[in-house]
């Protein structure tokens, strides 16, 4: 039997700066009926472009320069616009990364759902609405009868993503392209969406291409995995085979990232004075209270990870510590001494002791200053060094973060890669010779390999300079890798805190448990097992309720 | 009425042409993708363009269409000049400049060329102009063209105005007066609006509130109307002193225009203040001077520079309009807006001697070409800025 | 729905407040005049008796806030004062000739200006929106680039340049339309339209260019939204994508663009009326500025500002009403 989709030697180019640059350089792809292919790679690997090309579609400023795309015997490269249009939505469907942006804000969900079946003449409006409600129920959306009659902004992100999957299913297509459908979601929401997508794809025997950068996610969803690197295929293999025995070096390095683990440092003695103590801090933006009685300590030389989903108040905690947001009540002590609430009242030395590294290296570095100026400014500001001694200190700092001063000293941030920019951010923090560094999601905007490099650098600097870190993150893999202590936050409160080893061994607080269990693992059976466990628990609870 | 029938008929003919053309192209090319996937709207567009070109050629051939031929030739000369200028820029000068010229569209090259020429003429007006701007040189109302048979005089290639001043000289001095005053006004507006806007963005709080609400009120009055109102008052203040009135005009327009600059500078400033690098500088304990001049201003320069171009055009047109209305730059200073008004009646002789009508159109054209040029450059700058972001 | 009404009422109140403050600014600005207002009107040679008579007549002996309140109250009732240029103060008798009131001066001219603006809007709005949408859809084609050059040139030209070129082409070289718009009461609609056409075309050229560029930018911004791509990927036809997915969301920005440009028209009218000697409020305004006829200047200023504020307010309110997030709150 012929495969459903067959791509041969596909080449795609994108236009920037008045020139065409290659995005995909000759990739082959074969997809059987009912098969799910996982497409993974780092940012810029060309995954989305390839996914859209499988639909015979390219975005503005992008063109297909060679190769062929055959869908069920139809040559999409040479089909007329009319022919391609009749396939889209009916036989090939698309699920986008951001459901909130991909639903039209002006129309109800159901009106957007029925559009494809009605326009393609598959069903009439009435049938299609009934079918939509059935699909909503299958995807375990709450109130399937009425949720479709809401506007997109009235529905939550995780629900919208499932509604979009339902919409893609509306004509029972042969092929669905899932383009990072869970990337924008929190881990606990991600699980529900993953499970819903997988079930419905299984049930209708739909073929799918599942695009993601998350290995653990693709392990749950795909039968086969294809790894892309800068527009080239690295390797393709069935999921279990690929997970057990990756062949290529690049794939192995991707797998190895997950293995980085730093042993927990010994607990501080009872006489140890915490370098930073947050004591009963309550803070608010205007009337809205965002932090409620938050307390925790950071001891010298240790790494404290503050974990939570978006809106949990972890970044606000950092703003209180640095003095950008004076708290309503509570104090922040540095080495036992209370810090003034606002940074404006703090002394130069107090400001120097606590430094920050930011999530987005792009906005953290002034694009108009050279690397030497960015790193040199705090040196000069705090220690008053000038001229040659300043230059020497800057070079020393650049060497510490493993950037060659001779090459990078005079460059602008725009000429650096994401990882390099993040390193410069670290150098700027080090330049102040601080005792404590607050790292705000420093690795979440980076690719996994680069992120690992940053984590290792931070660990080395801690050992060499005796720094303390407050590590804000939503990613539990990062926590496992480098934390000594963990603080779990939810809705502005500290839910649980303790040393890492204790936190990762049961029993936990129920929320910590939910958070921990929701982190996808590299085991293809993980999702099934987890769902089975949760179902058993739910049954158990229901049983205890009845008693 | 017959005009409308003609127009509709022409449109119908073009529609038919488009349909036949598309059908024929599909047939002849064996349904090549290019024609197969072309929608009827696009085909209609092509047919319309074809019809326009045909009409242009017909007009060119028509003996009476002097102005059309002049316009086409003028356009062609501008295009060639811009092309040559860009070609020169690509091969002469330092490497950095060459790289800029390589990616430049023709329109931007034209704009830069225009700005350079105007700046040159404005600065060296005293040397270039054959006569003084106020000199009354005998014969009044000499016709442009310099042909004695038509009533011209080779000594005054563009003729003289109704009290006998040389139009060419006044045009050249106009560059100095009109452009110079507009430039000074824009600088003043930028100094006022830019510094207050950035200050409002950095300090925030009540200062921002007070300044922003004040600007809201001033912006609720259309600027030309407000300028006219204030000029009325200023004319009473100046009490007949013409130099003083011109000075008041500069002040008034600068203040009114600074409100627009304030809005932009504030919003650009606020966009930069929330950046993490500014937060880092604040947390370092840096003072206001470092924040504004080192962290914020260098990053605000690109949008502010583009806005400077746009504001200059606006100020320039406002001053020209006010002068045209007789309340702007005061005589005896030569100024393009006033010249248009003074020479306007020559338009009515165009039917007999096409050259004559040029007298009032030239100063107006001089205004238009400069603003077009500046706008082209700004458009290119904005386009590049948006391209860099994405 | 309730929240929309609340926001709209808030905006209306804010608009009213702005108008009030603007009127105070206009009134206050005039009172910046040095020396005595009456003296300035009559000149240095006036007799002290005449000056005193006018002072009482104009209420200049009252304190400033009282005068402002009085002026505002009168203006609200339609009494905008007496035109200095029309009333003969030198032989002041205590009675004002009815034709010398500012209202009598402005009334018919206001109607003429509204007619001119109306004709312009009727041509310019559909033209600009249509061309703007086309330029956005055919982005980066020869049409788009040509339109970009043409609109930039049109924006850059002073109104009087466009006006004289049109006069040259359509009134002098090919005399099809009149170059002077002498409109008087009792003309038929057709005649009026014919006389108004050339000034209206001038304004159209300038306003269309602005409006078209802004429409294009608004549509481009919209077409880059993921939901438009989604509609295409569902296999919808281009016309349906525009009609069903782009247009409902484009309404707010386009309405905004139109209102902003009609507000711009308010300013453009002044120069164009002067060129064509069109008997509108703009020409009256410029004449009064030259004659220092302050009550008329004040009144014209107030009318222009009110029109401007009203149009901006309309844009604001329409874009609130068309926002689905506000219409259907959570």
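Numbers at a glance
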{"quantity": "Per-region count, region A:251-273, residues more than 27 Å from the chain's Cα centre (by Cα) and touching a residue at least 60 places away in the same chain (Cβ under 8 Å)", "calculated": "3"}
{"quantity": "Filter result for residue A:135 (in a loop (DSSP other than H, G, I, E, B) and either surrounded by 17 or more Cβ atoms within 10 Å (Cβ to Cβ) or touching a residue at least 60 places away in the same chain (Cβ under 8 Å) (or both))", "calculated": "no"}
{"quantity": "Among (1) within 13 Å of chain A (Cβ to nearest Cβ); (2) in a loop (DSSP other than H, G, I, E, B); (3) in contact (Cβ under 8 Å) with a residue 12 or more places away in the chain, the one test that residue B:300 misses", "calculated": "(2)"}
{"quantity": "Test: residue in region B:51-73 that is modelled with pLDDT of 85 or more and under 20 Å from residue B:367 (Cβ atoms)", "calculated": "yes"}
{"quantity": "Looking only at region A:85-115, and only at residues there that are assigned to a helix (DSSP H, G or I) and more than 8 Å from chain C (Cβ to nearest Cβ), the one that is nearest to residue A:53 (Cα to Cα)", "calculated": "A:99"}
{"quantity": "Test: residue in region A:486-506 that is farther than 30 Å from residue A:277 by Cβ and in contact (Cβ under 8 Å) with a residue 24 or more places away in the chain", "calculated": "no"}
{"quantity": "Among (1) more than 10 Å from chain B (Cβ to nearest Cβ); (2) at negative phi, the one test that residue C:277 misses", "calculated": "(2)"}
{"quantity": "Of residues in region B:138-183 being in a helix (DSSP H, G or I) and at pLDDT below 75, the one surrounded by the fewest Cβ atoms within 10 Å (Cβ to Cβ)", "calculated": "B:149"}
{"quantity": "Test: residue in region B:198-207 that is at the interface with chain C (Cβ under 10 Å from one of its Cβ atoms), assigned to a helix (DSSP H, G or I), farther than 21 Å from residue B:317 by Cβ and in contact with a helix residue (DSSP H, G or I) (Cβ under 6 Å, 6 or more places away or on another chain)", "calculated": "no"}
{"quantity": "Single residue of B:382, B:333, B:362, B:343 found to be more than 11 Å from the chain's Cα centre (by Cα), more than 9 Å from every other protein chain (Cβ to nearest Cβ) and assigned to a loop (DSSP other than H, G, I, E, B)", "calculated": "B:333"}
{"quantity": "Test result for residue A:390, part of a helix (DSSP H, G or I), more than 8 Å from every other protein chain (Cβ to nearest Cβ) and touching a helix residue (DSSP H, G or I) at 6+ places or on another chain (Cβ under 6 Å)", "calculated": "yes"}
{"quantity": "Answer residue from region A:290-325, given it is at pLDDT below 90 and out of contact with any strand residue (DSSP E or B) (no Cβ under 7 Å at 6 or more places or on another chain) and is nearest to the other protein chains (Cβ to nearest Cβ) among those", "calculated": "A:311"}
{"quantity": "Unique match (being under 25 Å from the mean Cα position of the chain (by Cα) and either within 9 Å of another protein chain (Cβ to nearest Cβ) or surrounded by fewer than 22 Cβ atoms within 10 Å (Cβ to Cβ) (or both)) among B:294, B:260, B:284", "calculated": "B:260"}
{"quantity": "Condition broken by residue B:192, with the remaining ones in (1) at pLDDT 90 or above; (2) within 14 Å of chain C (Cβ to nearest Cβ) satisfied", "calculated": "(2)"}
{"quantity": "Selected residue (criterion: farthest from the chain's Cα centre (by Cα)) from residues of region A:326-377 that are within 13 Å of chain B (Cβ to nearest Cβ) and in a strand (DSSP E or B)", "calculated": "A:354"}
{"quantity": "Sole exception among (1) over 16 Å from residue B:71 (Cα atoms); (2) within 9 Å of chain B (Cβ to nearest Cβ); (3) surrounded by 20 or more Cβ atoms within 10 Å (Cβ to Cβ) for residue C:151, by number", "calculated": "(2)"}
{"quantity": "Residues located in region A:52-70, provided they are within 14 Å of chain C (Cβ to nearest Cβ), outside any loop (DSSP other than H, G, I, E, B) and over 17 Å from residue A:178 (Cα atoms)", "calculated": "A:62, A:63"}
{"quantity": "Residue C:264 vs. criteria more than 30 Å from residue A:88 (Cα to Cα) and either within 21 Å of the chain's Cα centre (by Cα) or modelled with pLDDT of 85 or more (or both)", "calculated": "yes"}
{"quantity": "Flag for residue C:205 being surrounded by 19 or more Cβ atoms within 10 Å (Cβ to Cβ) and without any contact (Cβ under 8 Å) to a residue 60 or more places away in the chain", "calculated": "yes"}
{"quantity": "Members of region B:263-277 that are part of a helix (DSSP H, G or I), within 13 Å of chain A (Cβ to nearest Cβ) and within 36 Å of the chain's Cα centre (by Cα)", "calculated": "B:271, B:272, B:273"}
{"quantity": "Residue A:41 being touching a helix residue (DSSP H, G or I) at 6+ places or on another chain (Cβ under 9 Å), within 22 Å of residue A:225 (Cα to Cα) and either in contact (Cβ under 8 Å) with a residue 60 or more places away in the chain or within 10 Å of chain C (Cβ to nearest Cβ) (or both)", "calculated": "yes"}
{"quantity": "All positions within region A:309-358 that are within 19 Å of residue A:431 (Cα to Cα) and surrounded by fewer than 17 Cβ atoms within 10 Å (Cβ to Cβ)", "calculated": "A:347, A:348, A:349, A:350"}
{"quantity": "Test result for residue A:82, in a helix (DSSP H, G or I), within 14 Å of another protein chain (Cβ to nearest Cβ) and over 33 Å from the mean Cα position of the chain (by Cα)", "calculated": "yes"}
{"quantity": "Every residue from region A:152-173 that is under 16 Å from residue A:90 (Cβ atoms) and within 12 Å of another protein chain (Cβ to nearest Cβ)", "calculated": "A:167, A:168, A:170, A:171, A:173"}
{"quantity": "Counted residues, region A:446-460 - those being touching a strand residue (DSSP E or B) at 6+ places or on another chain (Cβ under 8 Å) and free of Cβ contacts under 8 Å to residues at least 12 places away in the same chain", "calculated": "0"}
{"quantity": "Index of the failed condition, residue C:118 passing every other in (1) under 25 Å from the mean Cα position of the chain (by Cα); (2) touching a residue at least 60 places away in the same chain (Cβ under 8 Å); (3) more than 9 Å from chain B (Cβ to nearest Cβ)", "calculated": "(2)"}
{"quantity": "Test: residue C:238 is within 18 Å of residue C:132 (Cβ to Cβ) and within 13 Å of chain A (Cβ to nearest Cβ)", "calculated": "yes"}
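The values are calculated or read from the model by the stated rules, or taken from the named source; none is laboratory data. Because the structure is a prediction, the values reported are computed rather than measured. Cβ coordinates were reconstructed from backbone atoms using ideal geometry, including for glycine residues, and neighbour counts include every protein chain displayed.
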